[in-house]
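Here the structure is laid out as structure tokens; the discussion comes afterwards.
Coordinate-derived values only; no laboratory data. Predicted model only: the values in this text are computed from it and were never measured. Every residue, glycine as well, gets a Cβ built from its backbone with ideal geometry; the counts of neighbours run over all protein chains shown.
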């Protein structure tokens, strides 16, 4: 096998791992015309007392978020401190065809909402099946290095 996995997938969006106060943080909008599929990786660190963590995919008709709305069925089951969900991960898969393409929705982003108490969290949007390889040519600008 001569192809590197980093040539097949791209880090398309990032929510930096950090301690987030109650509220919502999101990746930038990713144009799904670039990929046929994405996977969102949600990472919960240490959750605050009584904290909750929700995550979902949203769609829009352009890179500025015009008409933003949820992607149907693309939300995790809430992670909670009470449910012993510290240091857990959740994944959300989405194919291009699952967006509201008929109405011009072709951009997607990951949104993570921390509820009640400051909590450690982070997330990645990984684009796969790029329409033009290498997929890594579409990495987010924050990707600093790829080691072969």
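Give the residues of segment 14-52 whose amide nitrogen is closer than 18 Å to a point set 7 Å from the Cα of residue 101 in the direction of its Cβ.
Correct set: 30-39.
Using the number of other C-beta atoms within 10 angstrom as an exposure proxy, rank 109, 95 with the fewest first.
The most exposed by this proxy come first: 95, 109.
Give the order of 108, 30, 39 when sorted by the count of other beta carbons within 10 angstrom, beginning with the fewest. Before the final figure, lay out each step's value.
Numbers: 108 27, 30 23, 39 16.
Ranked by crowding around the Cβ, least crowded first: 39, 30, 108.
Give, in nm to one decimal, the length gained when the segment between residue 89 and residue 116 is fully stretched (0.36 nm per residue of separation minus the Cα-Cα distance).
Value of the extension gain: 7.8 nm.
Sort the chain into rounded, prolate or oblate with this rule: let a ≥ b ≥ c be the square roots of the eigenvalues of the Cα gyration tensor; rounded if a/c is under 1.5, and if a/c is not under 1.5, prolate when a/b is larger than b/c, oblate otherwise. Please list the in-between numbers first.
Numbers: a/c = 2.14, a/b = 1.39, b/c = 1.55.
Judged from the Cα gyration tensor, the chain comes out oblate (a/c at least 1.5, b/c at or above a/b).
FRET efficiency for residue 50 and residue 140, Cβ-Cβ distance as r, R0 = 35 Å, nearest 0.05?
Details: r = 33 Å, r/R0 = 0.93.
Efficiency at R0 = 35 Å is approximately 0.60.
In deg cm²/dmol and to the nearest 500, what is the mean residue ellipticity at 222 nm of the chain if only DSSP H runs of at least 4 residues count, each as -39500 (n - 2.57), divided by the residue total?
When only DSSP H runs of four or more count, the value is -500 deg cm²/dmol.
If I model a spin label at residue 132 and residue 70 as a point 7 Å from the Cα along the Cα→Cβ vector, what separation in nanometres do I get?
3.5
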